[in-house]
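The values are calculated or read from the model by the stated rules, or taken from the named source; none is laboratory data. Since we're looking at a predicted model, the values are computed, not measured. Positions of Cβ are backbone-derived with ideal geometry, glycine not excepted, and every protein chain shown enters the neighbour counts.
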Amino acid sequence: MLDALPLPHPIDSRLGEATVRRATPNDADAVIALLADDPISAARGDVASEEDRPAYVAGLVEILADPSNDLLVAELDGVIVGTLQLTSIPGMARRGARRLLVEAVRVRSDLRSSGIGSGIMRWVSDSAAPALGAAMVQLTSDASRIDAHRFYEHLGYVGSHKGFKFAVPQD
């Protein structure tokens, strides 16, 4: 399903043209570094330790093998500077509307406010969602990410729901 995405796709930023493309297993280290570059993710355990690398790689391989999921990266001058995961969700609500779920949006911390994140998210709403037949793009954002909330609201996203999570105990 997500193979219908218009990729690779150029996005404009204040630093020049970047490209959104489908991730490959070879991109694992760069994506791991982007997760660890975020203080909230790091506090949850995304610290880019070598011992965790096999779990990340297995997750990436599983995402890429699932036709309803995709992991994308944004490259600028051949360097990965952003990432996000997309999941296409068929639904019954809203007259059977399909939703496009956006997860784990990250832009390298020294490049935030450069237009890369805006370019990625505009591509999601303007190109990816229509290509997949999605009636809605949705995402969640940690309650403490006030700057991210302003960012999404500036792009037209509406904080319409309160999210809940349940951490399943792991052995």
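A compact table of results
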quantity	calculated
Residue among S118, S88, S141, S125 that alone is in a loop (DSSP other than H, G, I, E, B) and of a type outside the set (D, E)	S141
Number of positions in the stretch 92-112 that are surrounded by fewer than 17 Cβ atoms within 10 Å (Cβ to Cβ), of a type in the set (K, R) and touching a residue at least 12 places away in the same chain (Cβ under 8 Å)	2
Sole exception among (1) under 22 Å from A30 (Cβ atoms); (2) outside any helix (DSSP H, G or I) for Y157, by number	(1)
Condition met for E51 (among the charged types (D, E, K, R) and at pLDDT below 95)	yes
Residue among I40, I80 that is at pLDDT below 95 and either β-branched (V, I, T) or not in a loop (DSSP other than H, G, I, E, B) (or both)	I40
A18 being part of a strand (DSSP E or B), closer than 13 Å to V73 by Cα, of a type in the set (G, A, S) and in contact with a strand residue (DSSP E or B) (Cβ under 8 Å, 6 or more places away or on another chain)	yes
Unmet criterion (only one of (1) surrounded by 13 or more Cβ atoms within 10 Å (Cβ to Cβ); (2) within 17 Å of the chain's Cα centre (by Cα); (3) modelled with pLDDT of 90 or more; (4) acidic (D, E)) for E62	(1)
Matching residues, the stretch 53-77, being more than 30 Å from G133 (Cα to Cα) and either in a strand (DSSP E or B) or in contact (Cβ under 8 Å) with a residue 12 or more places away in the chain (or both)	R53, D77
Subset of the stretch 70-85 [under 21 Å from E17 (Cβ atoms) and either surrounded by fewer than 19 Cβ atoms within 10 Å (Cβ to Cβ) or under 16 Å from the mean Cα position of the chain (by Cα) (or both)]	L72, V73, A74, E75, D77, G78, V79, I80, V81, G82, T83, L84
Close pairs from the stretch 126-138: first within 15 Å of G156 (Cα to Cα) and crowded, with 19+ Cβ neighbours inside 10 Å, partner among the small types (G, A, S) and modelled with pLDDT under 95, Cβ under 6 Å, at least 6 apart	none
Check on F164, over 17 Å from the mean Cα position of the chain (by Cα) and either touching a residue at least 12 places away in the same chain (Cβ under 8 Å) or closer than 22 Å to D38 by Cα (or both)	yes
Filter pass, I146 being surrounded by fewer than 19 Cβ atoms within 10 Å (Cβ to Cβ) and touching a residue at least 12 places away in the same chain (Cβ under 8 Å)	no
